[in-house]
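The values are calculated or read from the model by the stated rules, or taken from the named source; none is laboratory data. What you are looking at is a predicted structure, and each value in this text was computed from that prediction instead of being measured. With ideal geometry, Cβ positions are generated from the backbone for all residues, glycine too; neighbour counts draw on all protein chains shown.
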């Protein structure tokens, strides 16, 4: 079983509003991420929220996900990671895919490529990399053998600290899509993503099937 943990408890400190609730197409950023992940080969989806939990609860009530409230979200990303890990199914979990709630242009094909690489045992940590720029990003899939280390991450750190400690376990999964790695940190980044969206909104592969 592959479990996805979508991290959606950030403070959006560079923006005046919660970036995950911004519109994209006919939905919101977080809903689009959730729909994309649900359409992939992932078996179970957990969403960890913090700020604006009630809005998330209303938005996601129709989706088959487990929504968690992280009351420690102000202490950094590690608290959301640990919250998600605490709620994993007790048995059958082979790996956890950590996805970011502010990457609305991730796609099903890319996520499935990561999961397929893991299934083929190409590595115990699968990291997506842009074939054009060599940029690495998320989502990242971790084998269960790293779960104990992940649970020890502290502060505003993510899985990168575990990745750096185990370079021999890493497989870089090539993703031929630069927008796959785009996140929303600023108003300018959001506008850039929306420009890309408007240019491609008529293409069939924008919305998950």
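Name the residue that is modelled with the lowest pLDDT, counting only residues in region 175-205 that are surrounded by fewer than 14 Cβ atoms within 10 Å (Cβ to Cβ) and not in a helix (DSSP H, G or I). Top of the filtered list is 204. Checked against (1) surrounded by fewer than 16 Cβ atoms within 10 Å (Cβ to Cβ); (2) free of Cβ contacts under 8 Å to residues at least 60 places away in the same chain; (3) farther than 21 Å from residue 26 by Cβ, residue 138 passes all but condition (1). Restricting 115, 125 to residues that are touching a residue at least 40 places away in the same chain (Cβ under 8 Å) and closer than 20 Å to residue 161 by Cα narrows the list to 125.
Any residue at all in region 19-27 that is under 14 Å from the mean Cα position of the chain (by Cα), under 27 Å from residue 162 (Cβ atoms) and touching a residue at least 60 places away in the same chain (Cβ under 8 Å)? Yes; the residues of region 19-27 include at least one that is under 14 Å from the mean Cα position of the chain (by Cα), under 27 Å from residue 162 (Cβ atoms) and touching a residue at least 60 places away in the same chain (Cβ under 8 Å). Criterion applied to 54, 31 was being in a helix (DSSP H, G or I), surrounded by fewer than 24 Cβ atoms within 10 Å (Cβ to Cβ), within 14 Å of the chain's Cα centre (by Cα) and without any contact (Cβ under 8 Å) to a residue 40 or more places away in the chain, and the one residue passing it is 31.
Number of residues in region 10-29 that are under 13 Å from residue 48 (Cα atoms) and at pLDDT 90 or above equals 1. Scan region 60-74 for residues that are surrounded by fewer than 13 Cβ atoms within 10 Å (Cβ to Cβ), touching a helix residue (DSSP H, G or I) at 6+ places or on another chain (Cβ under 8 Å) and farther than 18 Å from residue 29 by Cα and the total you get is 0. For region 99-114, the tally of residues that are in contact with a strand residue (DSSP E or B) (Cβ under 6 Å, 6 or more places away or on another chain) and either within 20 Å of residue 65 (Cα to Cα) or crowded, with 20+ Cβ neighbours inside 10 Å (or both) stands at 6.
In the set (1) over 16 Å from the mean Cα position of the chain (by Cα); (2) modelled with pLDDT under 95; (3) surrounded by fewer than 16 Cβ atoms within 10 Å (Cβ to Cβ), residue 122 fails one condition alone, (2). Each residue in region 144-163 was checked for being buried (at least 17 other Cβ atoms within 10 Å of the Cβ) and either at positive phi or modelled with pLDDT of 95 or more (or both), and 4 pass. Against the condition in a helix (DSSP H, G or I), more than 28 Å from residue 199 (Cβ to Cβ) and in contact with a strand residue (DSSP E or B) (Cβ under 6 Å, 6 or more places away or on another chain), how does residue 74 come out, does it pass? Spelling it out, it is not the case that residue 74 is in a helix (DSSP H, G or I), more than 28 Å from residue 199 (Cβ to Cβ) and in contact with a strand residue (DSSP E or B) (Cβ under 6 Å, 6 or more places away or on another chain). Taking residue 96 as the residue in question, decide whether it is surrounded by 15 or more Cβ atoms within 10 Å (Cβ to Cβ) and over 13 Å from the mean Cα position of the chain (by Cα). It is false that residue 96 is surrounded by 15 or more Cβ atoms within 10 Å (Cβ to Cβ) and over 13 Å from the mean Cα position of the chain (by Cα).
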